[in-house]
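Worksheet for the structure shown next.
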Amino acid sequence: MNHYNRKRKTIIHTLLTVMACGLMIPLSKACDICGCGVGSYYIGILPDFNKRFIGLRYQHKSLLSHLGPNGNRTPITADETYQSMEMWGAWNIGQRWRVMAILPYNFNTRNIKGSGEQGKKNGMGDVVAMGYYKIFEEAKGTASNKMLVHSLWIGAGVKAPTGKYDAGERSNAAQDSPNNFQLGTASTDFMFNLAYDVRLMDLGLNVNTTYKLNTENKYDYRYANKFTANALAYYKFNVKNKVRIAPNAGITYETQPKDVVFGKYDVAQSGGNSTTGIVGVEVNMGKISFGGNYQSPLSQNLAGGRVEAGNRFLTHLSFSF
């Protein structure tokens, strides 16, 4: 076996081992339901940049809560919308290190048609800071004279409790009600991420896995840990060497057991899993990048059928410098 084949097998083994470890971490308790509510941080495909970038992202998500036992609407069923405007950016330090930060401002609305009750919460969300280390990056020609490029990054970060947590929101609800309608979690949480990208000429695949480890807040509530994995296939079109357009499509899987209150009681209307289809496009014009995607549930089992996630939409604009 030559040196390149041994190296390739070692790389593949490392990637699979790290991803398997992420899957085997005990998914002890749940975070926000299906990417809605507090604490959801989607990464996806980063904008094209060499040194650093800064930009804005907008996310829109919808959720139905308090459904009946058969998933039907009831007089207390709530239509919830979660929007966020995020300032985000990343900075490459040397050849192997990268730091990233996300500063969200959230807009939450809730409408209970049966009673006419409406709710609204606007404010700063929980800030996230991440650090990444590049395990490897390799470019090599294939036997058919095509360029194969792939890289693997591993990261860890912290989410600070900068968003407002309404303890009354929780205490006024039944113990089995979802606790999503918050601007922040009031807890310091930790995130672990693995990002792999492989590209053969202009056709590529981006894979991201994230495990979010949550702690109990001072109100005796713990949003459960959450595992997310997504894979996006993309193709880069080069227009006159000035504009790069990369349509992409893929899938996201999220899983989480139940939240816990007072250290031992499960919150019935929490936890579950979902699979979501994604279609989007990324555009780069020199130092300017923009893009977006649309995410639609393919299957879901959330809070025992008492919660149903709707479609999501994300768009961004960034500047590299």
- Query: For segment 243-263 and segment 110-127, what is the separation of their Cα centres, given in Å?
  - Reply: 23
- Roughly how big is segment 3-320's charge dipole about its Cα centre, with Cβ charges of +1 (Lys, Arg) and -1 (Asp, Glu), in debye to the nearest 20? 1160
- Note on the structure: For segment 39-127, the percent of all C-alpha pairs falling in each 5 Å bin, from 0 up to the bin holding the max distance, is 3, 12, 18, 15, 13, 11, 9, 7, 5, 4, 2, 0
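So if we plug the beta-carbon distance of Thr215 and Leu103 into 1/(1 + (r/R0)^6) with R0 = 25 Å, what FRET efficiency do we get, rounded to 0.05?
Working: r = 21 Å, r/R0 = 0.83.
Using R0 = 25 Å, I get an efficiency of 0.75.
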- Would you be so kind as to identify which of Phe237, Gly131, Ser144 lies farthest towards the positive end of the dipole of segment 123-239, taking Lys and Arg as +1 and Asp and Glu as -1 on Cβ and the Cα centre as origin? Ser144
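What is the diffusion coefficient of segment 76-176 in µm²/s, taking the Kirkwood radius over Cα pairs and the Stokes-Einstein relation at 20 °C with a viscosity of 1.002 mPa s? Please list the in-between numbers first.
Details: Rh = 17.7 Å.
It diffuses with D of about 121 µm²/s by this estimate.
From the convex hull of the Cα coordinates of segment 3-320, what is the mean projected area in square nanometres? Each step should come with its number before you reach the end.
Working: hull surface 67.9 nm².
Projected over every direction and averaged, the Cα hull of segment 3-320 covers 17.0 nm².
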- Phe136 and Ser299 label points (each 7 Å along its Cα→Cβ direction) are spaced in nm at 3.4
- Query: In Å and whole numbers, how far do the C-alpha atoms of segment 196-270 stretch along each principal axis, longest first?
  - Reply: 60, 19, 19
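Values in this text are rule-based calculations from the coordinates and carry no lab data. Just so we're clear, the structure is a prediction, and the values are computed from it rather than from any experiment. Cβ sites come from the backbone with ideal geometry, for glycine too, and all protein chains shown count toward neighbours.
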